[in-house]
Structures are given as C-alpha cells and as structure tokens.
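Structure first, then comments.
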Amino acid sequence: MAGDDNTPPKPHTPNEKPFGITNIKTYIPLVLDLNELNYDSWSELFTLYCNSFGVLNIIEGTSSSDDRATEEWSKLDSLVKLWIFGTISKPLLQRVLKKKVTAHDVWKNLKAIFHDNKTARAMQLDTELRTIELGSLSITDYCHKISRMADLLANIDSPVDEKNLVTYAINGLSDKYEGVAGIIRHRDPPPTFAQTQSMLLLEESRLARKSNRQSARDSSMSSVFIATNNNSRTNTNGPDLCRNFQRGSCTYGERCKFAHSNPNGARNGNSNTRGSNVQWSNTTGRALQGPGHRITIVPTRPNTLTYAPEPGTAANPRANTVGSRGVLGPAPGQAHVVQPTGPTNSHAPAVFGPSGLW
C-alpha cells in the first residue's frame, strides 16, 4: 500500500563518544613542535583518532552546511579544537589561537606552517647530516642524532636512503674508529644503519677497556718511579746511622764513620733535648755519648808536676816538666800530690785523672 512508504525516519542519535575523552594526551602522546618537525607523525596519529571517534569530517571540512548549523556540530568542533590545542607546543598555540575559527581552519594553518619553505629546510638539514662529526659524543648519542635528523628530513618529504645514512655515519667518525670504519665500507652487501651502530658500539667498548688497562699500567709505573726516587733521596742524604749511638753509646766518637743523629736529624752535640746524663771516659780524655749530650774533654799537660815522697823515702827524682809526657795522677800508694811549681796559669784547662780533677 502507498501508505506504507510514509514510514517516519529514525531519529538522529547524537555522537556522545568524543565527549568521553578526558585527556587527549593519553591517546596522542606526541607534541607538535617546530623544532622537532614532526608534523607528519602528529597529523597521522591525530587523524586516526578523529576517525575512530567519528569526527574526521570536522578537521577535513567535509560537513554539510546543515550539520554545521546544528548545536551538536558546534560542540564537536569546539571539542576537536581543544584536542589540537592540547597536543601542540606553546609557540605554535600562540600562532594558531584566534577568535571565530573552526577546527578545520586551525588544521589548515598548522599544515601551512610546517610545509612553508619545505625545500629550504630540507637543504639545510641535508647539509648538516652530510657534515656531521662524532666529536666528543658517545656512539649512542652520535647515532641518535643521525637518526633524528633523518626523521626530520622524512617529515618534510625528503627521506634519506639507508645506504647514504651509513656513509654519513662512518665519514664523521674520529681516527680511532678508522679500523672498524674500513670494515663497514668494504662489506658486501653494505650493513644497515642498525648493524653499523651495533659494530660501532662494540668498538667503543673495546677501546674503553684498552684505555682503562693503559691507565692502570701508567699509574703502576708512576708509583714505582716515585718509590725509586724516594729511595735514592734517602740513600744520598748521608752515611747510615750508627747503631751503637742509637743504643746509647759509641766508643768511636767523632772518628765514627757512621752518622750520629738524634731523632730530629741534627748531629749529636747540636741538640739538648733528652736530658743531661753523660757517660765519661776516664782513659781517653773524651766523653762517651749519653741520651742527650756529647761533651768532649781535651786532655792537657800541666806546667810542672811533682810527687811528694812517702815518709822515710827519698824524693821522687822524676819530675814532669813542660814538653814531656806527664803522668795523669799519683801512682798507687802515694799519699798526696804536691801542686805544680812555677808560674800559675789561671786559664789552664782542668786536668782529669783516674781519681778526679787535679
């Protein structure tokens, strides 16, 4: 029947799915940035999510005029603009944030920003990649820098062939990688960039171990050299110390061929720091060394020396005069000694004998 064709259309169901997103960065982790030149990656990821949530027509500008007049479309358009603003850098946000523009207008503006002067940017990046050098970078940082520059060129429709990428990488190496660079150049077929990076990392590790062994060897040799120099200085400071002197006495005195030094390094007799005990020699006319002093007494001869006779005996006919070798004291059994005759010398040094001072 004709009346059966007048079935009312199904009511339009609003698209509520996009409004369930609370944080767009959970779905689009990339941040669009001029310094990264990552527009192609960002736009591809953003387009996928817009399509899955049913709002692809919003950014493509394919909505009908009737749809754009509805309140629902206006809400969706505002929501998509918030997604865009939440996934771009602050400098870009300042450039595209304007009044009374749609999400499609913002989308077109961003594309124009990244594709303007594309050729000039590609030439600049290609020149930097061809002249890149390792310098003070590690192999990991060096290869990451090359990969990033290759990605930037790919983002502006100027991809780099992997063979050329390997060539640029080995051309920028320092001289210490010359061996492994020659191996990479002559491999057939040429290695991929990932294989090249692996070979360079192994060579970097080998060179680091070699450098550590050399440093340890140099440090050991330096220690031996310092010890040898210290021993040489010790041996050239003078004669060895006298062991008898170290024990408290040395019968050789000044004639000893070994050094008589106190703990402070001074010659014995120049320091008075360890008391006043002295060991005397009553036969040689010199004092033996004590813990803190060394006093030398020089024997002298008196002008005239006479011995008194014992009672009932004749006077001793021998007299000691100047110029003869005197006897340093009375003979055993003599009662006393008569003082020397002749002129008195008040400055004559004292004479020590077996019995004491004359």
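Condition (residue is within 28 Å of residue 39 (Cβ to Cβ), in a helix (DSSP H, G or I) and in contact (Cβ under 8 Å) with a residue 24 or more places away in the chain) applied to the stretch 179-199: is it met by at least one residue?
yes
Name the residues in the stretch 69-110 that are closer than 22 Å to residue 153 by Cα and surrounded by 13 or more Cβ atoms within 10 Å (Cβ to Cβ), would you? Give the derivation first.
Our first condition is that a residue be closer than 22 Å to residue 153 by Cα; within the stretch 69-110, this holds for 87-89, 91-92, 107-110.
If the condition is that a residue be closer than 22 Å to residue 153 by Cα and surrounded by 13 or more Cβ atoms within 10 Å (Cβ to Cβ), then 87, 88, 89, 92, 107, 108, 109, 110 are the ones that fit.
Please work out if residue 126 is at pLDDT 90 or above and acidic (Asp, Glu).
On the way: at pLDDT 90 or above: yes; acidic (Asp, Glu): yes.
Judged against the criteria, residue 126 is a match.
The values are calculated or read from the model by the stated rules, or taken from the named source; none is laboratory data. Please read all numbers here as calculations on a predicted model, not as lab measurements. Ideal geometry is used to build each Cβ from the backbone, glycine not excepted, and the neighbour counts take in all protein chains shown.
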